[in-house]
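What follows is a single structure, written as C-alpha cells, with notes after it.
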Number of protein chains: 2
Amino acid sequence: METVKIIDVTPRDGLQDASGYVPVSEKIALIEGLLKAGVRSVEVTAFVRPDWIPLLADADPLVDQLRHLDGEWIALVPNERGLKRAISAGIPAVTLVASASESHNKSNLNRSRVDTLAALARVTELAHQAGMQVKGAISTSFSCPFEGEIPTKDVLMVAEAYLRMGVDAIGIADTMGTANPAAVKERVKELNTVRGKVPLSLHLHDRFGWGLANVAMAYEYGVREYEVALAGLGGCPYAPGAAGNLDTEKLVEFFIAQKIFIPIDLNLLAATRVRLLSVLSRKLAAPVMDEN
Amino acid sequence: METVKIIDVTPRDGLQDASGYVPVSEKIALIEGLLKAGVRSVEVTAFVRPDWIPLLADADPLVDQLRHLDGEWIALVPNERGLKRAISAGIPAVTLVASASESHNKSNLNRSRVDTLAALARVTELAHQAGMQVKGAISTSFSCPFEGEIPTKDVLMVAEAYLRMGVDAIGIADTMGTANPAAVKERVKELNTVRGKVPLSLHLHDRFGWGLANVAMAYEYGVREYEVALAGLGGCPYAPGAAGNLDTEKLVEFFIAQKIFIPIDLNLLAATRVRLLSVLSRKLAAPVMDEN
C-alpha cells in the first residue's frame, strides 16, 4: 500500500516568525499532540543564534523535555556551532540549509553558497559521527525574493554538493511559495537522475493556493516526504513576502482521499491546531535568553 | 508552444442556480467582457424547460443577441426539444448531458442512463445534420450525491456510448467537487484508451481546494480543455451540496505561471467578474417567460 512521510515543521518553521511566543510547555503540548495524532516526524526547533530568532531561543530546554517522548525529532542547524548544541541536546536528526539562490544564501546565512556548502560538509561529517541523520535542505529552490525565478541547475548544484557530503535525504524548499506544478516536475525529474536511493522531500509554502497541485505533481514523480505546518503557519524571516507553509491537515486529508495510507487522526490534529492557535492569539512576548 | 482551451461556463452553469437574476443585457455584457478578455469559447446558456431553470429562461433572446459577436458559443441541451430550440436560435455548438451515476441521471433527467443515451444518439445525429459541434458531457464522473463514489467503468460506459454516436468531444464533469488527482488520473488514462483523437474536456467544481491539483494531473495526462466560471460561481441544482465551478481567473493565472500560452487578459477578466458580481448583488428576481 502506498504511503508518504509527513514531517510537521510547526514548532520550527511555523513558530520562528509567529505573531506571539509559545512557551516551552505549550510547545511540548503541541509536539505531544502531533505525536498522538500520528505525526511521528516533527521538526521541533532550530539551533540558531537566539538574538536572530528569539522565538526559538528555547531550543535547548525544549529538546531536553522531549527525551521521554518516542518520536523522530528533527532540528534545523545552520552551522557547526548549532550542530554542537544539537548533539548536546541529544536530538537524533538535523536539517542543514543552503539556498539555490546566491543572494538569498547571503541574506539568510551571511556567506556564499560555496562557503556554506564547504562548512556543511564538515557539519555532516560531525553529525554522522554523532550517529545523527542528516537532511540537506535547499532553500529558494523555485524563486528568490531578490533574484526572481531560480533555474533548476542551481538547485541541482546544491543537491550534488549535499550528495557528495553523503547526506541521508535531500529537501527542496519553495521558500517564497511561488512553485507551480511544471516547475516542481522539472526539479523533481532532474533530482531523480542524481539522488539514487536518497529520499527527496518537499517543503512548500502556499502563496497562491497551488500547494496541493504541487504536491500532486511531486507525488506523481516519486516524492514521498512532505514538510507541512498546522494552520499553514510559518514563513522565512529572511524572505520578505513569503507565505505560510502548506497546511498539515489539508495535506493529510488530500492524501487520504486518494487512498494513500496515512495513519494520522484528523480530529486529533484539529484539536492540536485549535490549542496552538489559542496560545498564539495571546501574543505573548518571547523571554530573553542567553546564547549558551 | 503548449496551450489549452479555456471554456467559460459562467452564463450557463455559473448563473443557472445563482442568488439573483442577471438580465439579458448584462449577460451580453458578461459574454462581451469574456470575449474581449480573450475567452473565445463560452457556454452561454441551456435550452431547458424554463419552469425547471427559470434563471436561464431567456435562452432564446440571449442567443439571438449574440449573432453580431464573433465567439464560439455553446449551449447545453438536454434533449431533442432543446436541440430544436438551439438550432432555431442559430448556436453553433451544443453540450449534451448524461450522468455516470444512474441515480443522478434519473434525478437530473428523469430517466435511466440507457434511455438518455439512446435519445442523445438521435440528438447528435440531428445536431450534426444542422452543422453543429457536439460535446458529450458526463455528469457525476467522480461521485454522486445519492450513490457516493462512482466507478471509472461507469464513466467509460457513458463515454463509449457517446463515441459510438460520433460526438466531437467528451467532457467529464466533477459535479460534486470531490474529484482528487488520483481519481482524475485513473479516469483520464482509461478514457485516453478509447477516445482516439476526440478531445477530452474537464469540468470541475472546487469543493475542497483540490481543483487546481486536479487540473495539474489532468494536464499531465493530456487534457487540454477546461470548463470554468468567473468567481467560481455555479453548482448543479440537482446535486445537493455541490460546490461552485473552478474559478476562471485562478485557472488562467495557474497556467500562465507554468508558461503555458493562454492569450487571455487577467485584468479584463477581473473587470468582467466585478461587473457581474455587482449585478448579482442586486438579487433581482427572474422574469416569468413562456416556454416557446
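The values are calculated or read from the model by the stated rules, or taken from the named source; none is laboratory data. Note that the structure is a prediction, hence the values are computed from the model and not measured. For neighbour counting, all protein chains shown are included, and Cβ atoms are generated from backbone atoms with ideal geometry for every residue, glycine included. Remember, those area values only see protein heavy atoms, side chains included, never the ligands or the DNA or RNA. Shrake-Rupley method; radii C 1.70, N 1.55, O 1.52, S 1.80 Å.
Quick notes on this one:
- Amide H contacts of A:Glu72: A:Ser41, A:Val42, each under 5 Å away and 5 or more positions distant or on a separate chain (H built 1.01 Å from N in the peptide plane; Pro and chain starts excluded).
- Taking the alpha carbon gyration tensor of region B:65-108, multiplying each eigenvalue by 5 and rooting it gives semi-axes of 26, 11, 6 Å, largest first.
- Share of pairwise Cα-Cα distances greater than 25 Å in region B:5-280 is 40 percent (whole percent).
- Cβ-defined net charge surrounding A:Ile87, 15 Å radius [Lys, Arg +1; Asp, Glu -1]: +1
- GNM flexibility winner over chain B from B:Asn245, B:Asn180, B:Asn110 (Cα, springs under 10 Å): B:Asn110
- Region B:7-62 and region B:129-163: distance between their alpha carbon centers, rounded to Å: 23
- Think of a 1.4 Å ball rolled over the protein heavy atoms: the protein assembly as shown then has 38 Å² of accessible area per residue.
- For region A:5-280, the residue among A:Leu191, A:Ile7, A:Ala229 whose Cα projects farthest onto the positive side of the dipole built from Cβ charges is A:Leu191.
- Label-to-label distance, nm, for residues given as B:Ala257 and A:Ala270 (7 Å Cα→Cβ offset): 2.8
- Heavy-atom accessible area, 1.4 Å probe, ligands and nucleic acids excluded: residues of region A:170-184 down by at least 10 Å² from chain alone: A:Asn180, A:Pro181, A:Ala182
- Above 18 Å, the calculated P(r) of region B:1-100 contains 42 percent of its Cα-Cα pairs.
- Taking amide H as placed 1.01 Å from N in the peptide plane, B:Glu225 has its amide H under 5 Å from the amide H of B:Lys5, B:Leu202, each at least 5 places away in sequence or on another chain.
- The string of couplings for region A:248-259 from the Karplus curve (6.51, -1.76, 1.60, θ = phi - 60°) is 4, 4, 4, 5, 4, 4, 4, 6, 4, 4, 8, 6 Hz, one whole number per residue in order, with x for Gly and Pro.
- Based on the reciprocal of the average 1/r between different C-alpha atoms, the Kirkwood radius for region B:150-203 equals 11.4 Å.
- Backbone HN-Hα couplings from phi across region B:56-67 [Karplus 6.51/-1.76/1.60, Hz, Gly and Pro as x]: 10, 5, 8, 4, 5, x, 4, 5, 4, 7, 8, 4
- Nearest chain B C-beta to the B/A rotation axis, reported as residue and distance in angstrom, is B:Ala213, 2.
- Listing of region A:212-226 residues, each with accessible area lower by at least 20 Å² in the full protein assembly than in the chain alone (probe 1.4 Å): A:Leu212, A:Ala213, A:Ala216, A:Met217, A:Glu220
- Using the Karplus relation 6.51 cos²θ - 1.76 cosθ + 1.60 with θ = phi - 60°, the per-residue 3J(HN,Hα) values for region B:220-234 come to 4, 9, x, 6, 10, 9, 9, 9, 9, 9, 4, 6, x, 5, x Hz, with x marking Gly and Pro.
- Accessible area buried at the B-A interface, both sides summed, 1.4 Å probe (Å², nearest 100): 1600
- Rolling a 1.4 angstrom probe over region B:202-284 with all protein chains present gives an accessible area of which 57% lies on carbon and sulfur atoms.
- Amide H contacts under 5 Å for A:Tyr21: A:Leu284, A:Ala285, A:Ala286, restricted to partners 5 or more places along the chain or on a different chain, H placed in the peptide plane at 1.01 Å from N.
- Here the simple spin-label model places points 7 Å from the Cα toward Cβ, and for B:Asp70 and B:Ala29 these points are separated by 2.5 nm.
- Copy-to-copy label separations for A:Gly20, where each label sits 7 Å from Cα toward Cβ, in nm and ascending: 3.9
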